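The values are calculated or read from the model by the stated rules, or taken from the named source; none is laboratory data. For clarity, every value in this text was computed on a predicted model and none was experimentally measured. Using ideal geometry, Cβ is built from the backbone for each residue, glycine included, and neighbour counts are taken over all protein chains shown.
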Amino acid sequence: MDRRAVLRLFGTSVAVAAVPEELAALGRSLHHSLGPAPDLRTLDPHQNATVIALTDLMLPATDTPGAKAARVNELIDLLLTDWYEPADRDRFLAGLADVDARARTAFGKAFVDGTPEQQGGVVQALDDEATRWKASPESGRGPAPFSRELKWLTLFGYYTSEIGAVQEQHFEIIPNRYGPCEPVHGSSRPG
């Protein structure tokens, strides 16, 4: 799959479950390319902390690990560095700066320094903006809001990680047993 096709898919609102296998395989490959320790090349430490806070609000740890454990922030940094065009990377970084500006207006601190309730308020405002954008006529929309891109990257990063794919979705590339004519997990064939 070429770079432009990947970026076109990133820009769409395709559900992660409907991601072509080639893109899912690319995500798994990108996760495997991450070293054992973070090697951030685009995000500075504050931007990285902001991405971690935002993605962990979207996919917190529950009975399975969340976005932080899945290293979604590192995958986003890798994509920004190696896959994004400079203008797209700048727009993403401007979106992060806007999150901090909104936080400073709302509660007088950087986003990462807010309480979970304060952070949730900023995220809710971003979601409301994205909802209004989606409901507006397509011809006059303009570019998608930052929160839509961040959500897509978060879901893509999480569900193509080992944590998201294996622990959360129970994905098996090669099952460890042969089971012919079995219904798919929990479904049955019409009679």
*Every residue from the stretch 74-90 that is closer than 25 Å to Gly114 by Cα and in contact (Cβ under 8 Å) with a residue 40 or more places away in the chain*: Glu74, Leu75, Ile76
*Output the residues belonging to the stretch 77-103 that are outside any helix (DSSP H, G or I) and more than 16 Å from the chain's Cα centre (by Cα).*
Glu85
*When only residues in the stretch 135-152 that are in contact (Cβ under 8 Å) with a residue 12 or more places away in the chain and not small (Gly, Ala, Ser) count, which is farthest from Ile52 (Cα to Cα)?*
Pro143
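Conditions (1) modelled with pLDDT of 95 or more; (2) in contact with a Leu (Cβ under 9 Å, 6 or more places away or on another chain), marked per residue:
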position	(1), (2)
Met58	no, yes
Thr64	no, no
Pro86	yes, no
Leu96	yes, yes
Asp100	yes, no
Thr131	no, no
Glu149	no, no
_Among the residues of the stretch 159-168, are any assigned to a loop (DSSP other than H, G, I, E, B), at pLDDT below 90 and at positive phi?_
no
*Would you point out the residue of the stretch 117-164, among those that are closer than 25 Å to Ala103 by Cα and of a type in the set (S, T, N, Q), that is surrounded by the fewest Cβ atoms within 10 Å (Cβ to Cβ)?*
Gln124
*Going by the structure shown, is Leu79 among the aliphatic types (A, V, I, L, M), under 19 Å from Ser161 (Cβ atoms) and modelled with pLDDT of 90 or more?*
yes
*For the subset of the stretch 79-95 comprising residues that are in contact with a Lys or Arg (Cβ under 8 Å, 6 or more places away or on another chain) and surrounded by 15 or more Cβ atoms within 10 Å (Cβ to Cβ), which member is nearest to Phe146 (Cα to Cα)?*
Leu80
*Hey, among the residues in the stretch 33-62 that are within 23 Å of Ala87 (Cα to Cα), in a helix (DSSP H, G or I) and of a type in the set (A, V, I, L, M, F, W, C), which one's farthest from the chain's Cα centre (by Cα)?*
Ala49
_With surrounded by 16 or more Cβ atoms within 10 Å (Cβ to Cβ), within 20 Å of Met58 (Cβ to Cβ) and at pLDDT 95 or above as the only criterion, which of Ala106, Ala110 stands out?_
Ala110
*Within the bounds of the stretch 128-139, is there any residue that is in a helix (DSSP H, G or I) and under 30 Å from Leu34 (Cα atoms)?*
no
